[in-house]
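Let me begin by presenting the structure, written as structure tokens, before commenting on it.
Any read-out appearing in this document is the output of simple, stated calculations on the displayed coordinates, not a laboratory observation. All values reported here derive from a predicted model rather than from experimental measurement. When we count neighbours, we look across all protein chains shown, and the Cβ atoms used for this are built from the backbone with ideal geometry, even at glycine.
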Amino acid sequence: MQFLTRADSILCALVCAAAILVGSDASADAEEVLAATPPEIRQKLADQSVVMLEEVGGDGPESFLVAMVEFKSSRDRVLDLLREAERQPEYRTELKKVRTVETLADGRVDEQELKILFKTLTYRLRYREDPETGRLTWSLDKDFDNDIALMDGFWELYPYQGDPDRTLGRFGSNVDVGKGVPSFVQKGMSRKTVVRYLRNLQQWVDSDGAWRP
């Protein structure tokens, strides 16, 4: 039981490490994205504001967990809040430290530190922004001795043309914490931790950064 609790805490911290956004595809809006989404997913999103989608990429190491979330805030304001990397611990209580170690032409490198029980995990993420689509992606900095095996992901934000005070977010994440946690255990827990993270993030953004878990 202690093993599963610890593993769940690690995954909660790592599967959701995408708190910095720098833009989204200006050629798309939320209405267009939702028009291509199955009706049952649209209904769940309307009822719950956060909804998990199917895994993308199969069952292998390249598979992503993907989710959608609605924010009651304009896209610009969502971006303003989520650019503030040092504020991530306000809604991610397991995260103890965030610092930018390098600023690059197409993004940045952040070092994150979190404490699980008596163990501290440190890793660096390399963020990249596609200037054409505004899609943000991230992965582990291979030049750093990371305490986890894999972390890839993306964020996309889409404004509602019919309601400028709402934003649709699409989130994807793929994490492997290493041999200490079997892959089937990680997958099962990851779906739960993604939803929990997104609900915390949603409340934080919707409150203009005032809400705390």
Exercise. Can you work out the FRET efficiency for the pair Glu31 and Arg87, with r the C-beta to C-beta distance and R0 = 35 Å, to the nearest 0.05?
Worked result: 0.70
Seminar exercise, completed: With 0.36 nm assigned to each residue of separation and the Cα-Cα distance removed, Asp47 to Arg128 gains 25.9 nm
Problem set entry | Simple spin-label estimate for Arg212 and Arg77 in nanometres, 7 Å along Cα-Cβ | 2.2 nm
For this session: Subtract the Cα-Cα distance of Ala149 and Asp106 from 0.36 nm times their separation in residues, and report this length gain in nm to one decimal.
Result: 13.1 nm
Seminar exercise, completed: Sorted on mean Cβ neighbours within 10 Å (highest first), peptides 136-145, 36-45 come out as 136-145, 36-45
Problem set entry | Restraint check, Lys44/Lys97; Lys119/Lys192; Lys115/Lys142; Lys96/Lys142; Lys119/Lys142; Lys72/Lys142, Cα-Cα greater than 27 Å | Lys44/Lys97; Lys72/Lys142
